[in-house]
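The values are calculated or read from the model by the stated rules, or taken from the named source; none is laboratory data. Just so it is clear, the model here is predicted, and its values are computed rather than measured. Cβ atoms come from the backbone with ideal geometry, glycine included; neighbour counts cover every protein chain shown. Remember, those area values only see protein heavy atoms, side chains included, never the ligands or the DNA or RNA. Shrake-Rupley method; radii C 1.70, N 1.55, O 1.52, S 1.80 Å.
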Amino acid sequence: MHKLIKMSCKQKRELDKMDMLELQGYSGRVRELLERENINIGDEIEIISNGRRYRGILMARYELADPNYITLKLPNGYNIGIRVTENTTVSKISVGVRPTFVRPPKPQTLSDLPNVVIISTGGTIASRVEYRTGAVRPALDAEDLLAIVPELAEIAKIDTEVLYNVWSENIQVQHWIGMAEAIDRSIRKGVDGVVLTHGTDTMGYTAAALSFALQKPPIPIVLVGAQRSSDRPSSDATTNLIAAVATAAKAPFGEVVVAMHKWHSDDVIALHKGTRVVKLHTSSRDAFRSVNSRPIAYYQHGELKVVVNNLNPRGSNEYVFKPKFDTRAFLIKFFPSMKPDILNILADAGIKGFIIEGTGLGHVSSDWVPVIRGLTKRGIFVGMTSQCKFGKVNMNVYDSGRDLLKAGVIPLDDMLSEVALVKLMWTLGNLGEGAELEEIKNLMLKNIAGEIYSRSLPNVGL
Ligand code: ASP
């Protein structure tokens with residue numbers, strides 16, 4: 001299934017051709033006006049409209065936008081839309097130069113270095129600003145990344161594989177399976193480490209999915225992303241990637257981890273355990289944090305410092321490959337005055353298990369209790385996590401929690417809600433059709449990859 005979404009060479013050529021489309025997004029009389037003046041995307045133009053004069057670069061537009069506007073990039077870098085009326089005049093000042101990406105030659109690698117494969121799936125780390133829309137789009141594959149960051153060739157002998165080229169909001173369960181299979185192939189080939197470049201938005205979910213699909217791997221599997229694309233001066237792509245490759249090449253552990261900036265500056269990259277990590281900030285470079293646990297290692301000034309014990313060692317022979325997932329799992333965030341009817345509607349539509357993200361120690365309003373009791377009687381799993389992120393659920397403290405326990409809710413201790421959802425998909429997928437509720441409960445409560453019962457380390461908090 002995942003092969004359907006893998007980008008073929010032909011599709012890539014088509015995308016490149018789209019970059020060359022003229023007057024992309026302009027239609028009707030605005031397009032005629034631009035054509036009459038022999039203006040193209042990227043040209044410097046002047047617009048006089050409503051007595052005001054604007055100068056800037058003509059940008060492409062989204063096809064579905066209002067056709068009566070011209071999009072201009074101003075010298076300060078901002079884009080504005082200018083409405084074209086009967087009295088608007090447009091003239092060309094100079095012809096724009098189309099920026100092109102030319103891949104530098106691949107650096108020479110030294111033969112006695114560890115073997116690392118970089119598998120690219122898309123995201124900002126593999127993107128550049130798209131000339132057509134002024135937006136960022138995935139456009140660099142793992143080969144390009146290697147050519148752009150020649151330092152990598154001093155750390156490892158690198159092989160590259162382009163698996164997907166998508167934003168991570170488009171990642172689905174079949175992509176997780178495709179990634180797990182690609183990584184498993186690399187493990188079986190005997191590589192020393194795997195780096196997976198990925199969009200940051202759903203990297204936490206993928207890290208959890210891979211932690212369950214590839215248990216106790218014999219090598220490090222390092223997911224890496226970037227909050228800013230590599231053509232921006234503030235990009236974190238290079239530093240994150242170097243740390244990811246160094247970790248894959250040298251780390252003494254066989255774990256699924258995420259490599260991202262520890263804080264705003266470039267000097268420290270944190271390695272977070274795949275079942276403990278969340279994206280907590282929309283744009284900051286240190287968006288990723290470990291929750292109820294600390295990062296397991298830091299990469300600083302070319303050195304990897306492991307700060308947590310009891311990790312699965314590199315070379316461990318307990319590796320288990322279980323890449324099955326069932327999407328009939330649902331994550332629900334409770335909010336004040338939310339009615340429980342939705343649970344029955346979803347169950348009737350085939351949902352086999354729910355993760356409820358409750359309030360505080362793990363609560364929902366009392367009108368949910370009979371509905372939940374009905375679900376668990378039907379053999380549907382209902383697990384509880386907390387909206388608090390930090391800490392663990394404890395449903396024995398208040399009567400509302402005890403009522404839920406009696407109704408069959410399973411408290412999921414300190415498991416992150418997103419991780420619990422992924423684990424439920426994995427549990428349903430692996431137990432298969434007709435699994436007993438008891439089996440689902442047992443597997444959900446068993447610690448598979450450090451996702452539950454982490455017992456916070458000192459100094460771990462908000
Ligand atoms: N939306 C992008 C993605 O997740 C953002 C990123 O890569 O950082 O693919």
* Compute the FRET efficiency between Arg29 and Ser94 as 1/(1 + (r/R0)^6), taking r as their Cβ-Cβ distance and R0 = 30 Å, and round to the nearest 0.05. => 0.80
* Evaluate the relative contact order of the stretch 344-462 (contact order divided by residue number), counting alpha-carbon pairs under 8 angstrom at least 6 apart; express in whole percent. => 25
* To do: Could you look at the stretch 327-368 and say what percent of its accessible area is carbon and sulfur, using a 1.4 Å probe and all protein chains?
  => 64
* To do: Would you mind checking Lys216/Lys305; Lys262/Lys324; Lys216/Lys389; Lys324/Lys352 for any pair whose Cα atoms are more than 23 angstrom apart?
  => Lys262/Lys324; Lys216/Lys389
* Inter-probe distance in nm under a simple model that places probes 7 Å from Cα toward Cβ, at Ile80 and Asp348 -> 5.4
* Taking a threshold of 31 Å on the Cα-Cα distance, which of the pairs Lys339/Lys392; Lys273/Lys339; Lys279/Lys441 fall above it? -> Lys273/Lys339
* **Relative contact order [Cα under 8 Å, 6+ residues apart], the stretch 177-265, whole percent** => 32
* To do: Mind giving me the nanometre distance, one decimal, between the label points for Arg455 and Lys189, set 7 Å out from Cα along Cα→Cβ?
  => 4.1
* Do any trypsin sites (Lys or Arg not before Pro) in the stretch 362-438 lie in a DSSP loop with no more than 16 other beta carbon atoms within 10 Å, and if so, which? -> Arg378, Lys389
